[in-house]
Amino acid sequence: MPRMTLLFLFCFFSTLLAQTYFPDPHLELKEPIKFSTMQSFLQHIDRTKGMTVTTEGQSADGHPIYLVHVKAQKEPLWKVFFFAQQHGDEPAGKDAILYLLRDIEQGQWVLPDHVELWLVPMVNPDGAMADKRRNGNDRDLNRDHILLSQPETQTIHRLFRRIMPHVAVDCHEFGRDSQDYLDRGWLEWPHIMMDCANHPFFDSRILEMGKEWVERVSFYMNQSGHNYTRYTVGGVPPLQEQRYSTTELNDGRNSLGAFGGLSFIIESGRLRNADPPNQDLGKRVDAYLALLKTFLTWDADWLKIANAIKESRAAAPMEFLPTNCFWGSHGYRLTPVRVISLQTNDTEIVMSPNFMHDLVVKYSVPTPAAYYIPAEFAAPFTGLFDRHGIKFERLTESRNVRVEPCQLLRVETEFDPVYQRYDGRQITQYLPKEMHTFAKGSLYIPVKSLSGRRAALLLEPAMMYGVYQYEDFRKLIQEDGVMPVYRLPVE
Ligand SMILES: [Zn+2]
C-alpha cells in the first residue's frame, strides 16, 4: 500500500477513534458514560491542548479520582473548579464535563484566554459503578463536608485549597417524578436548577454576587430552551414546604463557600421512573452544558468579582457569628409554583403559602478572638483541622487565660416537622467566664484569618449544627455537659 494511503488511513481511524468515546452529538447520549470509558478518554486526551490529567486521590474502594486541568492561554484571572457525581447515581454533570473537555480538545469550543479550568468529573467512582448515591463506605459524600471523614471529600478540599478558585460548582441531579408529584398528576417543572453558598457568616458582598449570578443566568437558560429556576428543596405545593438550600456547612456548596469565593450547586432534573431510565440523559447534559458555560463565557465583570473575592479572603471576620438561621417567609404570601401536568404536558401554576423566601437569622453570638481546646481533647480536633487545612498552635507551655466555657444540654436527633429543622441540632448554653489553665499540648486557634473564620464555623459551641451531631465528637463532652472547646472573648 502506498505510504500516503497508509497515512490517510491512520488519520481517518485516529479521528474515528477520537470520536467513539461518547455518542455524538451529546443529545444522543442514552446511557451514563462509564468509569472505564471516562478513564480511556482521559488517558488519551490531547496534552498539547494545554490539558493535563492527574490522579488526586482514591475512592473508598480504591478507584482513582481524576483531575483535569485546562491551562489559561494568558494570565489566569478567572479560576473555575467544577466537580461532579458526588452522588454516584447522578451522572449528567460528569457527562457534561466530559463533553465540554472533548469539545475543547477538538477545537469545537474555545475557552476564553484568561480562564483557567479545573475539573473533577467523577468524585464518587464507587457509587457511579454501582449506580448508587453513596461511596464504597456507604457514606453520603455531600453530607460529609464538616467531618471530611471520606477520602473523596478530603480530595475535593485538598484540591480546592491548592487551587483557590474564584468559582466552585458542585454538580447533582434530582428526580422530577417523585411519588408525591405523580400522585397529584404532576412532574416538577425545572429541567435544571442552581443556587449559591448562603451561610450568613460569609461576606455579604460575595453572597449577593452569587445570588445575582443565579438570577441573571436565567436569561441564557431560557434562550437554551431549558426550564431553569433557583434551586428549591422540599415537598409538593401548596401544603408541603418549599425553600432554598440549607445554610449548614456539611455540603460541598457551603463548605467551599467558606473559603470566600463564589460557590454553587447545580441540580438537573431526571425522570427516575422513565423506561428506559436514561432516555432524557442527552437533554440533561445539554442543560448542564448551557449552564456550565455561563461560568466560562459570560461577560460579567470578572475582574471586579475576582478583586472582591481577594479582599474578602483577606478581611477580618465579622463582629457577630450567626448561630441559628432558617428559611421562613415574611408575612402571609402566596407564591406561584410551576408544575407540569402529566395529562396535558402543560405548565400549571399552584399558589403556595408555604414557599419560604427569606433566610432568617434567629440568633448571633459575638465572634471570639480565638478558641482553646484542652490537651486531652486535642487529637480528634487536630485530625479535623488537618483535613480542613485549618491552622492552629499547640501550646509548648501551659497558659492561664480567662475563657468562656459552654455546656451542651442535648443533641436533638430527630427531624423537627414544625420548624422544619434538621436532625443533629446542638442545644447549648454559655457558662460564666472563668480563669482556666490550658496545659502544654492544648490547642489555640485564632479566628482572625480566613482559616480561623472557617475554624469558627466548625468550633463555635453555640452553632446549631456543628461537630457534636457526630458521635466521634459527642463522646468528648464531659459528664457535666462542658464542651471541649472554650471561647476566648474579644476584650
Ligand atoms: Zn446529589
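None of the figures in this text is laboratory data; all of them are computed from the coordinates on show. Computed from a predicted model, the values in this text were never measured in an experiment.
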>> If you take every DSSP beta bridge fully contained in the chain, what fraction is antiparallel? Give it as a percent rounded to 5.
In response: 70
> Per-residue HN-Hα couplings for the stretch 476-486, Karplus 6.51 cos²θ - 1.76 cosθ + 1.60 at θ = phi - 60°, whole Hz, x for Gly and Pro?
Replying inline: 7, 5, 6, 4, 7, x, 5, 8, x, 10, 10
>> Please enumerate, by chain and number, the lysines with C-alpha under 27 Å from the C-alpha of Lys391, excluding those fewer than 8 residues away in the same chain.
In response: Lys79, Lys310, Lys433, Lys440, Lys448, Lys475
